[in-house]
Amino acid sequence: MKRALEQTQEEDKNQPNEEVKANKHNKAADKSVKLKVIMIAGYNGTKFFGSQKQSEKDIRTVEGEIEKALFAQELIYKKDFGNLKRISFNRATRTDKKVHALQNFFCCKLRANSSEMGKIRDDLKKSLPEDIRLFALLRAPNKFNTKRSCSSREYLYYLPSFCMQPLADKTPYENCCTYRIEGLDVINKVTEMFKGTNKFHNYTQGIHPKMGKAQRYIMEFKAERTLVVEGLELIEFFIKGQSFLYNQIRKMIGMVTHVLRKGLPIEVIKNSFKDNLFITPLAPGDGLMLQRVCYDHYNKAKEELSLIHICRCRRIERCRSRWSPYH
């Protein structure tokens, strides 16, 4: 009887220790499910008020819809829902209201297992709205950041060709759809003025010419081709740069249109880069599309993750016709 009592007391002493060990194990297991992933997605921006999540709940954004889908699939905790910083969320680039993206990169930490990435991707697709398409879900290196690791961004802009028609022509508005531009050489002489490193304080808001972030490097800016959609001729512009300011590309397009329509000398564009205030027109956001996010420099340094092949993956190319507003 005495021996049985002593044995019971020893079991009672060991029980709390076992519970503590179990709790520690559960916490460790809970931490292990935090997996850093990369989401490559495209979206039609027509019904979005930009890509970045806003504090107002009624404003529909791309990141807001992605967060809802992640929560619906129980990939983020309830305590983390509503605060993207808690899951270390970052994006390669932000897009404005009604701007489309054929490919954008998002990175965050999810409650996921690396062995179930394919299943998680398929389930996540079901929770996303029709105007967001998930192309790939990949495990990310610990120090990878979609914005800082990005070397350049590529955009396309589609502009009706009659917008380039000189004001002196005075073509009736009802005949604008039948207007056809004669070659792109004149346009490209103007776009050539933007290439290189310049101060783009007049192509955004709230930035002074003396600020370092006013300087941006434009690698390429040209009118590539024309295409006819439902009888309307469009000009496809290609823009590539390291990074862009708010509204910068739309104001660049607006400036090119302004110079050609009014027959202004192209030196006007050089003057807009000087330390002065210059009013630049803003083109609509509907025709702008983020085409590609490039990680060329990162891939050269980090061979274990080749994002070059991801950028060119066939799934994205097949969806080009669906996400491009005019293809």
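May I ask you to list the residues in segment 217-246 that are out of contact with any helix residue (DSSP H, G or I) (no Cβ under 8 Å at 6 or more places or on another chain) and not in a strand (DSSP E or B)?
Here is the first cut: in segment 217-246, the residues out of contact with any helix residue (DSSP H, G or I) (no Cβ under 8 Å at 6 or more places or on another chain) are 217, 219-220, 224-225, 227-230, 236, 238, 240-244, 246.
Hits for segment 217-246 are GLU230, GLN242, SER243, PHE244, TYR246.
Scanning segment 266-279 for residues that are under 22 Å from PRO166 (Cα atoms), at pLDDT 90 or above and either in a loop (DSSP other than H, G, I, E, B) or β-branched (Val, Ile, Thr) (or both) turns up VAL268, ILE269, SER272.
I'd like to check something: does segment 182-197 contain any residue that is touching a Ser or Thr at 6+ places or on another chain (Cβ under 9 Å), assigned to a strand (DSSP E or B) and in contact (Cβ under 8 Å) with a residue 12 or more places away in the chain? The answer is no; no qualifying residue exists. Looking at (1) under 21 Å from SER152 (Cβ atoms); (2) open to solvent by 30 Å² or more (accessible area, probe 1.4 Å); (3) among the polar types (S, T, N, Q), which is the one condition that is false for GLN205? For GLN205, the exception is condition (1).
Yes or no: segment 98-116 includes at least one residue that is of a type in the set (Asp, Glu) and out of contact with any strand residue (DSSP E or B) (no Cβ under 9 Å at 6 or more places or on another chain). Yes: one or more hits. In segment 240-288, of all residues being in contact with a strand residue (DSSP E or B) (Cβ under 8 Å, 6 or more places away or on another chain) and farther than 30 Å from LEU102 by Cβ, the one that is surrounded by the fewest Cβ atoms within 10 Å (Cβ to Cβ) corresponds to ASP275. Which residues, counting only those in segment 70-86, are within 21 Å of ILE59 (Cα to Cα) and aliphatic (A, V, I, L, M)? Result: LEU70, ALA72, LEU84.
Here's the yes/no breakdown for (1) within 23 Å of LEU245 (Cα to Cα); (2) not charged (D, E, K, R):
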{"site": "LYS143", "(1), (2)": "no, no"}
{"site": "SER151", "(1), (2)": "yes, yes"}
{"site": "TYR155", "(1), (2)": "yes, yes"}
{"site": "PHE162", "(1), (2)": "no, yes"}
{"site": "GLU182", "(1), (2)": "no, no"}
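The values are calculated or read from the model by the stated rules, or taken from the named source; none is laboratory data. This is a predicted model, so every value here is computed, not measured. As a convention, Cβ positions derive from the backbone with ideal geometry for all residues, glycine included, and neighbour counts pool all protein chains shown. Surface accessibility is based on the protein's heavy atoms, side chains included, excluding ligands, DNA and RNA. Shrake-Rupley method; radii C 1.70, N 1.55, O 1.52, S 1.80 Å.
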